[in-house]
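Below: one structure, written as structure tokens.
The values are calculated or read from the model by the stated rules, or taken from the named source; none is laboratory data. Note that this is a predicted model, so its numbers are computed, not measured. Don't worry about glycine lacking a Cβ; one is built from the backbone with ideal geometry, like all the others, and counts go over all protein chains shown. When the accessible area is computed, the model is the full protein with side chains, heavy atoms only, and any ligands, DNA or RNA have been set aside. Shrake-Rupley method; radii C 1.70, N 1.55, O 1.52, S 1.80 Å.
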Amino acid sequence: YGHRPADTLHGASVMVWDQIEATPAHLTYLILPSFLITYALFSRFIRDRLHLSEPPLAVLLGIILGPFVLDVITPRTWGMEDNIMQELTRVIVGIQCFAVGLELPKFYFSRHWRSVTMLLVPVMTFGWVVSSLCVYFVFNTTLPTALVIGACLTPTDPVLAASVLSKSQFSGRVPKRLKDLLSAESACNDGVSFPFLYVGLAILTNSSTGAAVKEWFLITILWQCAFGISIGVFIGHCANRVLRFSESRDYVGRATFVVFYLLLAILAIGVGSTLGSDDFLVAFGAGYGFARDGWFSIKTKTTKFPDIVDLMLNSAMFVYFGADIQWTQFIPRDITPSITYGRLFGFLILILLFRRIPIVLALKRWIPDIKTYREALFCGHFGPMGVGALFLAMEARAQLETKSSMPLPEPPKHHRPYSERAKAVELVWPIICFVVLGSTMVHGLSVAAISVGSHFSRKEDERAPLLGAETDGLGGMEHEGGGGESEPSDEEENEVQSD
């Protein structure tokens, strides 16, 4: 270009620059894959040496790129942001619930129903009551509002639980029965939490007690929960038989066989949401019914497709969440004068300490899969609140705003005197959002803290050469015979394959 006039070069450069359209969506396409590629390049080092999982890193990236810092990713300018958040959380939690049902050992619930039931009934109920009382006293709310917000914080999150307990050096130090128990609980209790949520919602949205009780029992218990899990298991079982039929006649290609997992998960979510049933129980039931006999797990034993889907969806969700945090909602406003950073931090500490740990320690002797008090402390602590809590918060807001599952497209404008429903609408999101942010960081960094603490608790000559590089089982836990008694034996696997 040396012989061309300078103005020609300048004009060409202006034309090229005019073709660059750096829209928020285009920047997201650029940044998110860059983050995932970087994480993939160092994933084993990050997980096994730094003992970090992707959710805290993704949230930090979202915060840095969001409006609060660099203002690169700005979900609030895309339009319909509440609907985007609601549907993203619905799909991601639903797929994760399906995946847990798929990956549990064969006939898991027939062998471990006592342990799972203890975590789903007394432990969840205690967590709901404690969380609601903390909301009531810390934020000076009415009891129905506290019950709604407490219900959003009751379930443990399958997305965060999977990131902490997934295959890594640390997870190999935890007995498999504990990982299976926490995974099964996290997949079930997102759906089981709906009865707790709708207690407060029924009180806030119905004028009479009789109508509230009738709606809660008929709609929430029978239709959403009982029918949801039943239709999910039925869908999964039918899909299992159809896929086995096609596979036995060589009608199914390898790629189709693998992607069948994702398609069935989304189908189950669609059935649940279309029928107005519990999406997460339908998805979990479909996954468990589909893989209950162990056949699909054996056929896809060497396939990492579920891990790939989880990494992409979960990381995208947490980046979006980090960018979407509305920091101005964490300061006092006219309608929410009790929301302050001091109260939010104090509330987070109370929830982390008292929501699960005391009740799991107290019930340890009645939970067969928990053998020691160290295991009870571990299971009590690893009850993260994440994407599932965000979905329940959106569901609560939608029910309070429109008495349906669709929130208003724009935040409603409230006028004095503020009704209890208006106050609840404005309180639920900032409280849940702050707790999810704190839980993501605390539980995401707990693995590193436990690994470092375990390293320095040993005598100097017994420590691994690198900090936190120990591979033996965590102390205070029973590892003999506690790893995988629910797994199919080689004889059972051969028998299933021959079928």
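Being in a helix (DSSP H, G or I) and open to solvent by 10 Å² or more (accessible area, probe 1.4 Å) is the filter; apply it to region 165-176 and report the residue that is modelled with the highest pLDDT.
Across region 165-176, the extreme among qualifying residues is K176.
Report yes if some residue within region 114-129 is more than 18 Å from the chain's Cα centre (by Cα), among the small types (G, A, S) and in a helix (DSSP H, G or I); otherwise report no.
yes
Out of curiosity, is A161 under 26 Å from G473 (Cβ atoms) and touching a Pro at 6+ places or on another chain (Cβ under 9 Å)?
Criteria met by A161.
Given the conditions (1) in contact (Cβ under 8 Å) with a residue 12 or more places away in the chain; (2) out of contact with any Cys (no Cβ under 7 Å at 6 or more places or on another chain); (3) closer than 17 Å to I84 by Cα, and given that L392 satisfies all but one, which numbered condition is not satisfied?
In the conditions (1) in contact (Cβ under 8 Å) with a residue 12 or more places away in the chain; (2) out of contact with any Cys (no Cβ under 7 Å at 6 or more places or on another chain); (3) closer than 17 Å to I84 by Cα, L392 misses (2) alone.
Of everything in region 270-297, what is surrounded by fewer than 24 Cβ atoms within 10 Å (Cβ to Cβ), under 17 Å from E395 (Cβ atoms) and of a type in the set (A, V, I, L, M, F, W, C)? Give them in sequence order.
Matches in region 270-297: L275 only.
State which residue pairs qualify: first residue in contact (Cβ under 8 Å) with a residue 12 or more places away in the chain and crowded, with 23+ Cβ neighbours inside 10 Å and inside region 432-446, second residue part of a helix (DSSP H, G or I) and aromatic (F, W, Y) in any location, beta carbons under 9 Å apart, and separation of 6 or more residues or different chains.
Within 9 Å, the pairs are V435/F347; V436/F321; T440/F318; T440/F321.
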